[in-house]
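Taken together, the values in this text are just the output of simple stated rules run on the coordinates, not laboratory data. What you are looking at is a predicted structure, and each value in this text was computed from that prediction instead of being measured. Reconstructed Cβ throughout: ideal geometry from the backbone, glycine too, with neighbour counts over all protein chains shown.
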Amino acid sequence: MTPAEHFGSLLRSARAAKKLKIWQVSEKAGVEVKHLGRIERGEKKPSFDLIIALAGSLDVSPARFFDFEAGYDRKTVLKQIQKSLLGRDAKQLRRAQLALKLLFDA
């Protein structure tokens, strides 16, 4: 997977997580739907300003689109989840547990 394709995949997954249609994000970010589709497929590379606008339209950090080292294999993803939970207090862990329950039991 090329960096542009990986970026697009992360962008698409962030959009899907927010349950937004591509046209909704394109409208909020001020970009054509076709152009956004090309970015999500890795066919086009967004400008810095567009990356910031896309992050704002999805209410995420722009860094969300650059987590290339995460990979998709089960072992790597589980390690990253565990790393994210280390050092969290009981209240934060409970919120994470509830979020996972909502995500998977819905």
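Key figures for this structure:
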| item | result |
| --- | --- |
| Burial ordering of F68, F48, F7, fewest other beta-carbon atoms within 10 Å first | F48, F68, F7 |
| Shape category assigned to the chain from the gyration tensor of Cα positions, a/c cut at 1.5 | prolate |
| Residue-averaged [θ]222 nm for the chain, counting only DSSP H segments that reach four residues, each worth -39500 (n - 2.57) | -20500 deg cm²/dmol |
| Lysine pairs in the chain with Cα atoms under 15 Å, if 8 or more residues apart or on separate chains | 6 |
| Exposure proxy ranking, count of Cβ atoms within 10 Å, fewest first, for R95, R15 | R95, R15 |
